[in-house]
Amino acid sequence: MLIFVDEITVDHRSLYVKNVGYGPAMDVVRNIIKAGELVQTTPNEPLLLGCIGQGEKVDAHSPTQPPIKSVPIIDDPQFEAALEYDDILGNHYEISFQRRHHSTPQLVPKRRIPWDRVARI
């Protein structure tokens with residue numbers, strides 16, 4: 001299971017994806033659907049985050065602009081995002097975040113975000 005978290009990093013906040021499940025999440029893709037007022041990220045631009053081991057977190061590359069560090073990104077009611085990933089058995093999952101809540105992981109027959117649309121770092 002993956003969740004969005006954010007932390008203060010120097011003079012702004014950075015969005016992260018954290019694995020709070022029991023195994024690795026493979027080929028994680030994050031997509032910001034609505035950036036809200038705090039994040040200066042282009043909506044609907046999927047980004048490959050790679051693999052995330054149990055208990056690990058990775059930068060989701062969606063920070064606030066300095067000097068905004070007091071309000072959490074995930075506390076913005078306008079912020080909406082989604083994560084797609086695979087488990088080690090090849091199952092595909094999707095988690096959405098909207099109105100300050102994560103959905104439960106949904107098993108999907110195939111990924112909704114085409115690989116040719118995924119940006120890479």
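The values are calculated or read from the model by the stated rules, or taken from the named source; none is laboratory data. Since the structure is predicted, the reported quantities are computational estimates derived from the model, not experimental observations. Quick reminder, even Gly has a Cβ in these numbers, built from the backbone with ideal geometry, and neighbours come from all protein chains shown.
Please tell me if residue 58 is hydrophobic (A, V, I, L, M, F, W, C), closer than 16 Å to residue 2 by Cα and exposed (fewer than 15 other Cβ atoms within 10 Å of the Cβ). Here the answer is no, as residue 58 does not meet what is asked. Across region 61-80, the qualifying residues are those that are of a type in the set (A, V, I, L, M, F, W, C) and under 24 Å from residue 103 (Cβ atoms), and the one among them that is modelled with the lowest pLDDT is 71. Residue pairs whose Cβ atoms lie under 7 Å apart, separated by 6 or more positions or on different chains, with the first residue in region 103-119 and modelled with pLDDT of 85 or more and the second of a type in the set (A, V, I, L, M) and in a loop (DSSP other than H, G, I, E, B), are 105/1. When restricted to residues that are touching a Pro at 6+ places or on another chain (Cβ under 6 Å), among the hydrophobic types (A, V, I, L, M, F, W, C) and either surrounded by 21 or more Cβ atoms within 10 Å (Cβ to Cβ) or closer than 18 Å to residue 92 by Cβ (or both), region 25-41 contains 2.
Taking region 56-115 as the range and being at positive phi and either of a type in the set (D, E, K, R) or under 13 Å from the mean Cα position of the chain (by Cα) (or both) as the test, the residues that pass are 61, 99, 100.
Do we have residue 81 as crowded, with 16+ Cβ neighbours inside 10 Å, among the small types (Gly, Ala, Ser) and within 13 Å of residue 5 (Cα to Cα) here? Show your work before the answer.
Values: crowded, with 16+ Cβ neighbours inside 10 Å: yes; among the small types (Gly, Ala, Ser): yes; within 13 Å of residue 5 (Cα to Cα): yes.
Answer is yes for this residue.
Report yes if residue 100 is among the charged types (D, E, K, R), without any contact (Cβ under 8 Å) to a residue 60 or more places away in the chain and in contact with a helix residue (DSSP H, G or I) (Cβ under 8 Å, 6 or more places away or on another chain), otherwise no. Yes. Only residues that are over 17 Å from residue 14 (Cα atoms) and among the hydroxyl-bearing types (Ser, Thr, Tyr): list them for region 38-50, please. Of everything in region 38-50, nothing turns out to be over 17 Å from residue 14 (Cα atoms) and among the hydroxyl-bearing types (Ser, Thr, Tyr).
Taken together, the residues in region 1-32 that are acidic (Asp, Glu) and within 18 Å of residue 112 (Cβ to Cβ) amount to 1.
Looking at 68, 74, 52, 95, can you tell me which residue is touching a residue at least 60 places away in the same chain (Cβ under 8 Å), out of contact with any Asp or Glu (no Cβ under 7 Å at 6 or more places or on another chain) and of a type in the set (Val, Ile, Thr)? Can you show your working first?
Values: 68 fails: touching a residue at least 60 places away in the same chain (Cβ under 8 Å); 74 fails: out of contact with any Asp or Glu (no Cβ under 7 Å at 6 or more places or on another chain); 52 fails: touching a residue at least 60 places away in the same chain (Cβ under 8 Å).
Residue meeting the stated conditions: 95.
Of note, residue 27 does not satisfy the criterion of being assigned to a strand (DSSP E or B), in contact (Cβ under 8 Å) with a residue 60 or more places away in the chain, touching a Phe, Trp or Tyr at 6+ places or on another chain (Cβ under 9 Å) and of a type outside the set (Phe, Trp, Tyr). Apart from one condition, residue 22 fits all of (1) surrounded by fewer than 17 Cβ atoms within 10 Å (Cβ to Cβ); (2) hydroxyl-bearing (Ser, Thr, Tyr); (3) within 20 Å of residue 6 (Cβ to Cβ); the exception is (3).
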